[in-house]
Number of protein chains: 2
Amino acid sequence: MALDIVVIGSGAAGMTAASTAKAECPDANVMVFTEDEDVAYSPCAIPWGIEGKSEWEDIVMHTPEFYEKERGIKVYTKTRVDTVDDVAKTVTANGQTFSYDSLVIATGGRVFVPPIEGADLKNVFIVRTVRNGKDIKQALETAKNVVIGGAGVIGLELAESLNNMGKDVTVIEMMDQVIPRIADKDMADEIQSHLEERGIKFVMKAPIQSVNGDGSVRSVTAAGNEYPCDVMIFATGIRANLDIPKQLGFDVGILGALVVSPTLQPYKRGRLVQDIYVAGDLVQCESAIMPGATMSQLGSTAVKQGRVAGMNAVSEKKLLFGPVASPWVSVIGDKQISGTGLSLGLASWYGIDVATGKAKGLTRARYYPGGKELTVKVLADRTTHRIIGAQIIAGEEATGRIDWLTAAAINGMTAEDFLFRSENAYCPPTSMVKDVVISAVEDLCKNLGQ
Amino acid sequence: MALDIVVIGSGAAGMTAASTAKAECPDANVMVFTEDEDVAYSPCAIPWGIEGKSEWEDIVMHTPEFYEKERGIKVYTKTRVDTVDDVAKTVTANGQTFSYDSLVIATGGRVFVPPIEGADLKNVFIVRTVRNGKDIKQALETAKNVVIGGAGVIGLELAESLNNMGKDVTVIEMMDQVIPRIADKDMADEIQSHLEERGIKFVMKAPIQSVNGDGSVRSVTAAGNEYPCDVMIFATGIRANLDIPKQLGFDVGILGALVVSPTLQPYKRGRLVQDIYVAGDLVQCESAIMPGATMSQLGSTAVKQGRVAGMNAVSEKKLLFGPVASPWVSVIGDKQISGTGLSLGLASWYGIDVATGKAKGLTRARYYPGGKELTVKVLADRTTHRIIGAQIIAGEEATGRIDWLTAAAINGMTAEDFLFRSENAYCPPTSMVKDVVISAVEDLCKNLGQ
């Protein structure tokens, strides 16, 4: 008899799980339920969609019809799953009950909006779905002043897109730096200066106190000052959406997300749950850098988890999801910023004494036209000398370099070992003969007292 | 008393050694002897210099005057070292004798020109020095038909540059593929087709038999056919320049280059030579992929060795030079091609049974404008499943990806381990959510029977 596979959630994790399950087990009856109206798009693309760099129809990778026709996957859009019965192995949605042999919960996360007055006014938005993006784009048509709450990666990408559209953009951030938590202040300040030069205003160390207006938003109050505002967008971080897991009594970890086995099965009062797999922003991960819990709410992580969850939903040869270093990258203005592993902030959470190394150079040979500035910072544990993280700001080609440093960190390379064994490919149009990554590790070794 | 340090050779290895020695030991009297008229340039830049993309004066990084004034290093250009006495610890040049405490031999390599008739005709060149580049550029002014002997990376870069300059370019190659030895035929053929579309002609499996002309070259004969030729350039590979080491009786390895210790000291009849260090194209390396000898005649390797040799020349805290995977990259036309570790050809030399994986995709998210085609091929040992090499062809950003795969290979990651533990940084303008590198390793795992 054909397996019934139910997937709840149609983001990167959910759709990857559904596609993987169907590919591995073509006879399976794979159903996806989603409250969203669109499926299988990249929330990371919303800023580019608003700016018009990418088309909404391109951002949405496939339609539900495509999934049904081409992949044999049934997608129920705008459909809320009301209850899950993990004993009877059924879900109910739209008053109908569906049986499952395996269930994948990939309900993702929700934008955290601080509980302040006026957050529900007209023209106050979050940014998560294509629908959010379209609504923001429409509201912007008559807007002049835009306030973005939160200077994380999405907040900054949005700020840049809206600034390009000619809006007067103010970013309000609670912390004393942009991209808090995952970027170090010295690197973050370089990005902030770059955006300030482009005309974006920043209000730092300023918790948002209220959103003010009469029906529609007119201003935002933060740290005692009032900022005029026609459109307010909260980009204040993602919290795991635990509605269904909590209903089922699944165990939640110290970081407020689901504790899972390497097979991506959740736990219920300490016991592994059978026939249910979870993937995406609601999962608490293990760090590949230091023993301990970490969050990895990245599209790349969601896809990787979706593959494991989808495979395990239909197959006895269980795949395992490993620990994460969570490399990330963002293009903000003319700069790319990327990071991996631990920042100074995250390292202090683990109680690690950190040494750093930093180097500046170019992305191409000095004499080859078009080279861009490149700054590489590498962090090591001062006790073990292990590389525990890195950050890069570059005019181009930051991504491959951070993936390289990620590979070094997850393999436990020390700074000295990295210098001894690492090499960079070189030709004048794509790198310096000694890549800046290696120069940064040389500096790190000096600072480690070598 | 100040140390006397003599460096023979002014390429990447020699000048890095000199600068490192002087930086570590500012009191040292550092002297560089070179037959060349320019110092510290990148031979890789010659094609761009000929085309005019880079200026000759930019390619030459620093003048001898700069080294003397800014770094306190005395450079003797156009100066041949006639003899080295490793017992008296002296070198003689221009009839003068110089004492050394430590000697660095970094005399590099020489272009191998096959011993055929007519190779000494006018307008027949090799490509190695800035002087070669300038001479070629001048000869090209009145040339229409150019023949390039050898379809290695330098030959192809030259072919592309000369084609851009409007010359009629024919590349003649002895093997059945371009970039033999380090690229696999399927990847090489993609590059060859790309260049053929741009108008470059290829004659494959054709050893050059003679260069014909009366004073100046008029044609080239290969595999029985005659090709009209106003300028002929040999880009037929580099052989270690062992003039001085042979005079000193140093041991030469199976690959025709110097056997060295990890401190980069040569051997003489099996005994380590004291106070002499070698660096650059004349050194035989150890492979980081498989136990065994390998050559790594790359600028990046020369710089890395120069640092070790220069440091060890002045300091008792000896640095070690490690085994190499020799990642390489070249920009040829609109394509970048890069590789690392073993190709199929090199793997067969080690007797390895190889499994491969391949994936095609884009360098950016599908919906983000400007994404370029990206093909990644990964090779593993079928017995151990270890990743032993990779090759990439991409419209952009091949370098960082190959450095990433290099880090995986030198750390001994298996294909399965790579899938379990590797992550890629993602944002729509710089990668797909699952990078093509990871898709290629997924394909590899399938082909390994997982």
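Bear in mind these aren't lab numbers, they're just calculated from the coordinates by the rules spelled out. This structure is a prediction, so every number in the text was calculated from the model and none was measured. Note that each Cβ is placed from the backbone with ideal geometry, even for glycine, and that neighbours are counted across all protein chains shown.
Counts of other chain beta carbons within 10 angstrom of each beta carbon in peptide B:404-413 average 6. With contacts taken as Cα pairs under 8 Å and at least 6 residues apart, chain B reaches a relative contact order of 14 percent. Hey, for a label at B:K78 modelled as a point 7 Å past Cα toward Cβ, could you say which residues of the stretch B:117-149 have their backbone N under 18 Å away? The answer is B:129-135.
Quote the relative contact order of the stretch A:113-236 in percent (integer), defining contacts as alpha-carbon pairs under 8 Å separated by 6+ residues. Mind showing how you got there, number by number?
Working: 246 pairs, mean separation 46.3, N = 124.
RCO, the stretch A:113-236: 37 percent.
Distances, shortest first, from the label point of A:G256 to those at the same position in the other copies read 6.6 nm; the point lies 7 Å along Cα to C-beta. Considering only beta bridges that DSSP places wholly inside the protein assembly as shown, some 60 percent are antiparallel.
Could you list, in their original order, any pairs among A:K304/A:K335; B:K137/B:K201; A:K53/A:K360; A:K185/B:K317 whose Cα atoms are separated by more than 29 Å? Display every interim value, and only then the final one.
Numbers: A:K304/A:K335 27 Å; B:K137/B:K201 20 Å; A:K53/A:K360 31 Å; A:K185/B:K317 35 Å.
Listed pairs above 29 Å: A:K53/A:K360; A:K185/B:K317.
Using a 7 Å projection from Cα along Cα-to-Cβ, the label point at B:T83 is separated from the same position in the remaining copies by 10.1 nm, smallest value first.
Label point of B:L272 (7 Å along Cα→beta-carbon): distances to the other copies' equivalent points are 5.2 nm, sorted ascending. Entry note, the stretch B:2-153: relative contact order of 27 percent, from Cα contacts under 8 Å with a spacing of 6+ residues. The aspartates and glutamates whose alpha-carbon is closer than 16 Å to the alpha-carbon of A:K69, local same-chain residues fewer than 8 away aside, are A:D27.
Put the Cα centre of the stretch B:137-197 next to the Cα centre of the stretch A:84-130 and the gap is 58 Å. Peptides A:401-411, A:257-267, B:254-264, ordered by how many other C-beta atoms sit within 10 Å of their residues on average, highest first, read A:401-411, A:257-267, B:254-264.
Quickly estimate the mean residue ellipticity at 222 nm for the protein assembly as shown, helices only: each DSSP H run with n ≥ 4 gives -39500 (n - 2.57), and the total goes over all residues, rounded to 500. Working shown, then result.
Values: 26 runs with 254 residues, N = 900.
Estimated from H runs of four or more residues: -8000 deg cm²/dmol.
Chain A residue nearest by beta-carbon to the axis mapping A to B, with distance in Å: A:G400, 1.
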